[in-house]
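What follows is a short report on a single structure.
Please treat every number below as a calculation from the coordinates, not as lab data. In this text, all values refer to a predicted model and were calculated from it rather than measured experimentally. All Cβ positions, glycine included, derive from the backbone under ideal geometry; neighbour counts span all protein chains shown.
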Amino acid sequence: MPAATRRTASTRPQAPKTGDQPSTPADLSGPLLAVFQRANDLLNRLETLLPAPLSEPDWQDSVAFRWISKSGRKQLVPVRKLSPITYDDLIGIDEQRRKVERNTRQFVQGKPANNVLITGSRGTGKSSLVKASLNKFARQGLRLIEVDKADLVDLPELTDLLAARPERFIVFSDDLSFEEGEPGYKALKSVLDGSVSATADNVLIYATSNRRHLMPEYLQENLSYKHLENGEIHPGEVVEEKISLSERFGLWVSFYPYSQDEYLRIAEHWLRAFGVSDRQMDKALQESLVWALERGSRSGRVAWQFARDWAGRGGK
């Protein structure tokens, strides 16, 4: 080949090879460099707004975790200090304890078990029963994930994450109730019902609420009931929709206000737990009734609060 031809071939521009890097700011100058820098800053700011990939926590950190979803970033945060409450601390709710303990034992043993809805008066031990169940069965692989109502929309994502784990998980939502149109309502309903995909075998939902059907009930809804000729009464569509969520919980556990005798038993239990002597007990129990009257409630929570107060001030 002639030399001139060889020189022409050698000076022909070469196509970029695979792996070549794009131009860097050092290759740019003037207005083009300023545009590049502004675009890069904008991309960096946008990156902070994008949802971060969900990563698993260190499952050895705790037996209880909180699901935190903030600004599109979701994570499981370990609970460092757990409530020490046990089944023996739960006074006056023997039947409720028996049902939940039996269901939880079935679950950790890999047997069929139900999602649980615990309803009733405030301060009667609904949440404490769930916490005591965790303390009872944690050594058998039970774990608890607490999810706020606002984050229930993340339940499908959370259950997908937990499904691959060997532990057994209770997803716990405390003091649960919904208003009309809240997104968490449909998400919870979908997970309880299994939707298109089957529910994870190692995940159960435990929820507590002051409302039996988790939704507000209005007097005018009674007008939607249909009265048939044979005397039967059928609820209207609005009522049917409201009870449809609670019906998806396989086990209902109801709590009721304590009698005075039950309240005194609970108060005595906690007074002894705080070290109050027998010599002071009668006086303390009499004052516990005054305390309950002032609070307008004879609940287990009120009894516990009184015992803390009495022990803290030394019965003075």
Quiz item: Efficiency by 1/(1 + (r/R0)^6): what FRET value for residue 277 and residue 186, r their Cβ-Cβ distance, R0 = 51 Å, to the nearest 0.05?
Solution: 0.40
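If I stretch the segment between residue 244 and residue 111 completely, what's the gain in nm (0.36 nm per residue apart, minus their alpha carbon distance), one decimal? Could the numbers behind the result be given before it?
Working: separation 133, 0.36 × 133 = 47.88 nm, distance 2.56 nm.
That works out to 45.3 nm of additional length.
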Practice problem: For residue 169, list long-range residues whose amide hydrogen, built 1.01 Å from N in the peptide plane, is under 5 Å from its own amide hydrogen. | Solution: 143, 203, 204
Quiz item: Which ³J(HN,Hα) values, rounded to whole Hz and listed in residue order, are derived for the stretch 285-297 from phi using the Karplus coefficients 6.51, -1.76 and 1.60 in 6.51 cos²θ - 1.76 cosθ + 1.60 with θ = phi - 60°, glycine and proline given as x?
Solution: 5, 5, 5, 5, 5, 5, 4, 5, 5, 5, 7, x, 7
Quiz item: Structure shown: which of 70/136; 81/136; 126/283; 111/131; 136/189 lie over 26 Å apart, alpha-carbon to alpha-carbon?
Solution: 70/136; 126/283; 136/189
Self-check item: Per-residue ³J(HN,Hα) for the stretch 98-106, Karplus 6.51 cos²θ - 1.76 cosθ + 1.60, θ = phi - 60°, Hz, x for Gly and Pro
Solution: 4, 5, 6, 4, 4, 5, 5, 5, 4
Self-check item: Paramagnetic label zone (point 7 Å from Cα along Cα-to-C-beta, residue 150; backbone N under 15 Å) in the stretch 57-79
Solution: 67-75
Quiz item: Based on the alpha-carbon gyration tensor of the stretch 55-116 and its eigenvalue square roots a ≥ b ≥ c, which shape applies: rounded if a/c is under 1.5, prolate if not and a/b is larger than b/c, or oblate?
Solution: prolate
Quiz item: At a Förster distance of 25 Å, what's the computed FRET efficiency of residue 60 paired with residue 163, Cβ-Cβ distance as r, to 0.05?
Solution: 0.80
Quiz prompt | DSSP-loop trypsin sites (Lys or Arg not before Pro) across the stretch 110-206, with at most 16 other Cβ within 10 angstrom | solution = 122
Self-check item: Whether the stretch 33-167 is rounded, prolate or oblate, judged on the alpha carbon gyration tensor where a/c under 1.5 counts as rounded
Solution: prolate
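For a test of the definition: using alpha carbon positions, the gyration tensor, and the 1.5 limit on a/c, classify the stretch 260-312 as rounded, prolate or oblate.
Working: a/c = 1.60, a/b = 1.53, b/c = 1.04.
The shape class here is prolate.
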Quiz item: Hey, got a sec? Which GluC sites (Glu not before Pro) in the stretch 134-184 land in a DSSP loop and have at most 10 other Cβ atoms within 10 Å?
Solution: 179, 180
